[in-house]
Amino acid sequence: MTYCVGLRLNEGLVMLSDTRTNAGVDNISTFCKMHVFEAPGDRVITLLTAGNLALSQSVVTLLKEGIDSEHGVETMFNVPSMFRAAQLVGAAIRQVYKIDGEALKEQDFSFDVSILLGGQIKGRGMRLFQIYSAGNFIEATNDTPFLQIGEHKYGKPILDRAARAETELYDGVKLALVSMDSTLRSNLRVGLPIDLLVYRRDALCIDLRRRLTEDDPYFKMIRERWSEALRDAYRAMPRPSWPELQPSPKP
């Protein structure tokens, strides 16, 4: 299992993924689920992957080596737009399904792969997509400026309450890290280290890329301060004052 989140803010993109994969409680490994295609001055494209590791690795390999289309051999380095990049990811997923789908079905395994795709190409707008196992996709909007894949339910409440398109870029980093911390605390199948990428709109180069471990001082501070803030908010709330809880008047 995994947890990946992408925020498409007015100032730029925040992309965050964990690194844990497992095939049982005693078979846990670390794999990078963030794949970056950067040509400074021309494009920055980031993929976050969830689901079956073998399938996601096959999809990423196809995107690196190229896919034959009516436009020639296309990769993440020569697609003309982010929309076309999303279409190419969908085509790669469908191609992998043609190769492995039936064999997985015979072994009673589902075809499980999902991808977050975010970035910008020179002369085009910055965009964030979520691509499903069927190869179709949706796009983040101003109304819903974040997308998640994997074990998303624990990290979603903070984003629902606080993430807005106008959120400042590095405030978005804080939100993504709090969302990840909530997931790490509630699901053992999501684990450290985590990979973070920050892209500033129209920069056409990465603003920040960092791997955070349990010893990272900023992430440790986020985890401790968030837990403390939740406890303080809980204690500050008044107890219930429903009528049936009030003491009965003396006769």
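In region 58-78, the count of residues that are closer than 23 Å to ARG8 by Cα, in contact (Cβ under 8 Å) with a residue 40 or more places away in the chain and touching a Ser or Thr at 6+ places or on another chain (Cβ under 6 Å) is zero. Among the conditions (1) in a strand (DSSP E or B); (2) surrounded by fewer than 23 Cβ atoms within 10 Å (Cβ to Cβ), LEU16 misses just one, which is (2). Test ARG189 against the criterion of being in contact (Cβ under 8 Å) with a residue 40 or more places away in the chain and of a type in the set (D, E, K, R), and give yes or no. Considered against the rule, which asks whether it is in contact (Cβ under 8 Å) with a residue 40 or more places away in the chain and of a type in the set (D, E, K, R), ARG189 comes out as yes.
Just to verify a result, which residue in region 177-209, among those that are small (Gly, Ala, Ser) and assigned to a loop (DSSP other than H, G, I, E, B), is farthest from LEU16 (Cα to Cα)? Here the answer is ALA203.
The single residue among ILE28, ILE45 that is touching a residue at least 60 places away in the same chain (Cβ under 8 Å), touching a Gly at 6+ places or on another chain (Cβ under 6 Å) and over 15 Å from ILE149 (Cβ atoms) turns out to be ILE45.
Quick grid of which residues meet (1) at pLDDT below 95; (2) under 20 Å from ARG223 (Cβ atoms); (3) buried (at least 18 other Cβ atoms within 10 Å of the Cβ):
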site: GLY135; (1), (2), (3): no, no, yes
site: ALA163; (1), (2), (3): no, yes, yes
site: VAL178; (1), (2), (3): no, yes, yes
site: ARG209; (1), (2), (3): no, no, no
site: THR213; (1), (2), (3): no, yes, no
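If only residues of region 93-131 that are aromatic (Phe, Trp, Tyr) and over 16 Å from VAL44 (Cβ atoms) are counted, the one that is modelled with the lowest pLDDT is PHE109. Residues in region 215-225 that are part of a helix (DSSP H, G or I), surrounded by 14 or more Cβ atoms within 10 Å (Cβ to Cβ) and of a type outside the set (A, V, I, L, M, F, W, C): ARG223 alone.
Determine the pairs where a residue that is without any contact (Cβ under 8 Å) to a residue 40 or more places away in the chain, located within region 157-168, has a partner that is among the aliphatic types (A, V, I, L, M) with Cβ atoms under 6 Å apart, the partner being 6 or more residues away or on another chain. Here the result reads ILE158/VAL178; ALA162/LEU175, each pair linking region 157-168 to a residue that is among the aliphatic types (A, V, I, L, M). Within region 201-215, no residue that is under 15 Å from VAL190 (Cβ atoms) sits with its Cβ atom under 7 Å from a residue that is surrounded by fewer than 14 Cβ atoms within 10 Å (Cβ to Cβ) at 6+ positions apart or across chains.
The values are calculated or read from the model by the stated rules, or taken from the named source; none is laboratory data. Keep in mind that what you see is a predicted model, and the values were worked out from it rather than measured. Positions of Cβ are backbone-derived with ideal geometry, glycine not excepted, and every protein chain shown enters the neighbour counts.
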